[in-house]
Amino acid sequence: VLFVGTKRQARVAVQDAAGNTLTSGGHTVVFSATGGTGTGTIGPVTDHGDGTYTATFTATTSGTALTIEADVTD
């Protein structure tokens, strides 16, 4: 269950098509929340320059858990 004001950090490590972890930044990453009945906002994405990216999800209405997904493009 999500409660209003709950914050969770979403993190993704980027891999190439062969499954090799990339070690540099510069990709476009968009996080989204799907499923569940709760709603929330996703803050700006931070590029850590090492192939990892993070953003903070903040619940704005109570409900069941959501799945946070990341879409990565070059």
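What to note about this one:
- In a DSSP loop and with at most 13 other Cβ atoms within 10 Å, the chymotrypsin sites (Phe, Trp or Tyr not before Pro) in the chain are Phe3.
- Treating r as the C-beta distance of Thr56 and Asp16 and R0 as 35 Å, the FRET efficiency rounds to 0.85.
- Formal net charge of residues neighbouring Tyr53 (Cβ-Cβ distance under 12 Å; K, R +1; D, E -1): -2
- Length-normalised contact order for region 1-65 - Cα pairs under 8 Å, 6+ apart - percent: 48 percent
- Relative contact order of region 28-74, defined on C-alpha pairs under 8 angstrom at six or more residues apart (%): 52 percent
- Estimated FRET transfer efficiency when R0 is 35 angstrom, pair Thr73-Val1 (beta carbons, to 0.05): 0.60
Quick note: the coordinates plus some simple rules give every number you see, no bench work behind them. Predicted, not measured: the structure shown is a model, and the values here were computed from it. Counting neighbours? That spans all protein chains shown, and the Cβs are built from the backbone with ideal geometry, glycine included.
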